[in-house]
Amino acid sequence: GAVVSQHPSWVICKSGTSVKIECRSLDFQATTMFWYRQFPKQSLMLMATSNEGSKATYEQGVEKDKFLINHASLTLSTLTVTSAHPEDSSFYICSARDPNGGMNTEAFFGQGTRLTVV
Amino acid sequence: DAKTTQPPSMDCAEGRAANLPCNHSTISGNEYVYWYRQIHSQGPQYIIHGLKNNETNEMASLIITEDRKSSTLILPHATLRDTAVYYCIVRVGGNQFYFGTGTSLTVIP
C-alpha cells in the first residue's frame, strides 16, 4: 500500500537553531501533504496544509514564519522549525493522500519525528 | 474542528471483540467516517472507512447506523497488540483530517 516516510525519526537540537523535517510519499505523487503536531497525552493537531508549487495554508494560531513549509516536488514536503525553543519540543507527523484513489481515499501518515529542543 | 465524540477509554479482554463507539451527529450526507489508531510514539495507522454501508476488511468491521449519526468499530478478536488510541474522524469539506480526542483501548490479558 501507499507509504509516507519521514526523516529524521528523532532529533535533538539546541535552543535558537532551526530544524528541518522531511516528508516523502514513496509510491504516489501527493499534490497536498499535511503537517500535525502532537504533545504528550494529547491528540494530533493539524498545523498546516502543504500545497505543491504554492504557499502552505496554516491553521489558526500556527505561526507561519516559525514553521516554514516547502513543497517543492510532488513527493516531498519539508517542515522547518525556525529558532526552536523548548516549547517547540513535540512529535511532528505528516500525512498525504493518493489523489488517484479518489476524493474519499484514506490518508497515510508518516512514522513521526520526535523533536527535543534543549 | 473534529465532528466526532468518543469515550476516552475502554478495556477489552484478550480474544474478545472490542466494540468502539463514535458519535457524529452532525455528519453531512457525503462525508465519510474514517478510523485510525495510534500506538504509542508512532504515526496513526489507517484501519477502515465507510459512507453508509457496513464495511469489513482484514483488520476490522465498521458498522454505521442507518441515520449515519453514529458508528462502531469492531475488532473481532482483540490481541494485546491492539492496545492503542483509536480515532474516529469525519473529514470536513476539503482534504484535511481533524483528530478528536479518541478512545484509549487497553486489551487485558
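Values quoted throughout were computed directly from the atomic coordinates according to the rules given, and no laboratory measurement underlies them. The structure presented is a predicted model; accordingly, all values stated were derived computationally and were not measured. Here the Cβ positions follow ideal geometry from the backbone for every residue, glycine too, while neighbour counts run over all protein chains shown.
Structural remarks
- Averaged over A:101-110, number of beta-carbon atoms from partner chains that fall within 10 Å: 5
- Of A:Gln60, A:Gln29, A:Gln42, the residue with the greatest mean-square motion in the GNM of chain A, using alpha carbon springs below 10 Å, is A:Gln42.
- Averaging Cα coordinates gives a centre for region B:31-109 and one for region A:6-74; these two points are 24 Å apart.
- Förster-model FRET efficiency, 30 Å R0, B:Gln42 and A:Asn104, C-beta, rounded to 0.05: 0.75
- When the Gaussian network model of chain A links Cα atoms closer than 10 Å, the mean-square fluctuations of A:Asn104, A:Asn70, A:Asn51 top out at A:Asn104.
- Förster radius 25 Å - calculated FRET efficiency between B:Thr101 and A:Ser83, Cβ distance, rounded to 0.05: 0.20
- Mean projected area in nm² (Cα convex hull; one quarter of hull surface) for chain B: 6.4
- The relative contact order of chain A comes to 37 percent, based on Cα pairs under 8 Å that sit 6 or more residues apart.
- Top of B:His49, B:His40, B:His24 by mean-square fluctuation, Gaussian network on chain B, Cα under 10 Å: B:His40
- Ratio of Rg to Rh over the protein assembly as shown (Cα coordinates, Kirkwood Rh, two decimals): 0.97
- Exposure proxy ranking, count of Cβ atoms within 10 Å, fewest first, for B:Met59, A:Met47, A:Met33: B:Met59, A:Met47, A:Met33
- For region B:23-91, the relative contact order works out to 38 percent when only alpha carbon pairs closer than 8 Å and six or more residues apart are counted.
- Isotropically averaged projected area of chain A, using the convex hull of Cα atoms (one quarter of hull area), nm²: 7.1
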